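The values are calculated or read from the model by the stated rules, or taken from the named source; none is laboratory data. If you're wondering where the values come from, they're calculated on a predicted model, not measured in any experiment. Note: ideal-geometry Cβ built from the backbone for every residue, glycine included; neighbour counts use all protein chains shown.
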Amino acid sequence: MSRKGQQSVAVNVELLQASLVARGVSMAHFAKVSGVHENTVLNVMKSGRADVETLERFSLALKALPRDTVESLVLPSSKKRRAPARTPEVIRP
């Protein structure tokens, strides 16, 4: 989620989740270490978007160099999320 007036970027939620699992860290603990509210972490996980400041806080909390982590967490713009395909309705006489 982005704050008013801040640009949001797509986040690789699967990688972020895997990083938390690999470290044995809950989302609540991760939020506390990141210095953000737990709802912020949940919103990012749900929406797949975060503002740059939140992403930097996440990077620091993961004890990684912010640039390396930010680059790996941000999805390339060519891989935009698509809505799930809808199954066509069958028309019966």
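Contact annotation: residue pairs with Cβ atoms under 6 Å, 6 or more positions apart or on different chains, pairing a residue in the stretch 1-28 that is farther than 13 Å from THR40 by Cα with a partner that is aromatic (Phe, Trp, Tyr) and at pLDDT 85 or above, are LEU20/PHE30. Residue by residue through the stretch 1-24, note down the ones that are loosely packed, with under 15 Cβ neighbours inside 10 Å and in a loop (DSSP other than H, G, I, E, B). Matches in the stretch 1-24: ARG3, LYS4, GLY5, GLN6, GLN7, GLY24.
Considering the stretch 48-78, and only residues there that are of a type in the set (Val, Ile, Thr) and surrounded by fewer than 20 Cβ atoms within 10 Å (Cβ to Cβ), the residue that is modelled with the highest pLDDT turns out to be VAL52. Annotation for the stretch 34-47: no member residue is over 15 Å from SER59 (Cβ atoms), at pLDDT below 90 and part of a helix (DSSP H, G or I). When restricted to residues that are in contact (Cβ under 8 Å) with a residue 24 or more places away in the chain and touching a Ser or Thr at 6+ places or on another chain (Cβ under 9 Å), the stretch 31-40 contains 2.
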